[in-house]
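To keep things clear, I will list the structure first and then write my remarks on it.
Read-outs throughout are calculated quantities, based only on the coordinates presented, and are distinct from any laboratory measurement. All of these numbers come straight from a predicted model, not from anything done at the bench. Heads up, the Cβs are rebuilt from the backbone with ideal geometry, glycines too, and the neighbour counts pull from every protein chain shown.
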């Protein structure tokens, strides 16, 4: 008797149900552009207070960086050949990888054994909402209690923040461009809230492919 065909699960975007398109303001302008999608991969690397030195040394080797080139405080990030490395806590980093797949996690685990720290794949648990446009800051200021001036929040840095009691990581890519890493569980509603905040300025919504940087 032939083997029964095994049905493979299909990828379903957490944003399914939202409608792509352009929704101009009353004056016909579009002041906010939103792009939403899953992330290629996100790895959390952590240790305990006494293991920070060993973890930093192992990360530097794994990513081909000088030890003094690693982020030194929460909110700082550096580009690497594997993706962006964020320091998200005193003993914790996150690596936002550029390409999907399990190989990067295995590579890090080869350099970071269990007695140094842990490497956890969080890619399935995060989505990314990108926001740009002339009214980007106006939209974000409705939701986040943050100083959005570049002097207080330089390009390349991120903030651990949230709105409506739901946390997220907000990364500044440009003067008026940000990436929001949100929990997959709440991604649909997070996008809906962002759209509501942007609607008075006019908005355009599109989906981001998983391979995008």
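Points worth noting:
- With Cα atoms, 0 to 90° folded angle of helix 187-198 axis to the chain main axis: 40 degrees
- Euclidean distance of C-alpha centroids, the range 125-149 and the range 35-91, integer Å: 24 Å
- The sum of -39500 (n - 2.57) across all DSSP H runs of n ≥ 4, divided by the residue count of the chain, sets its helix-only mean residue ellipticity at 222 nm to -5500 deg cm²/dmol.
- Gyration tensor (alpha-carbon) shape descriptor, the range 99-146, a/c threshold 1.5: prolate
- Packing-based exposure ordering (other Cβ within 10 Å, fewest first) of 166, 116, 39: 166, 116, 39
- Exposure proxy for 48, 153: other Cβ atoms within 10 Å of each Cβ, ordered fewest to most, give 48, 153.
- Distance between modelled label sites at residue 50 and residue 183, nm, 7 Å Cα→Cβ extension: 3.3 nm
- Look at the Cα gyration tensor of the range 42-121: its axes a ≥ b ≥ c give a/c under 1.5, and that counts as rounded.
- Counting other Cβ atoms within 10 Å as a rough exposure proxy, the listed residues 19, 142 run 19, 142 from fewest neighbours to most.
- Secondary structure note: in the chain, about 90% of the DSSP beta bridges are antiparallel.
- Candidate values [x] 16.2, 48; [y] 19.0, 70; [z] 20.2, 69, label of the one derived for Rg and Dmax of the Cα atoms in Å: [y]
- Relative to the longest principal axis of the Cα atoms of the chain, the long axis of helix 52-63 makes an angle of roughly 80 degrees.
- Cα gyration tensor category, rounded, prolate or oblate, for the range 90-213 with a/c compared to 1.5: prolate
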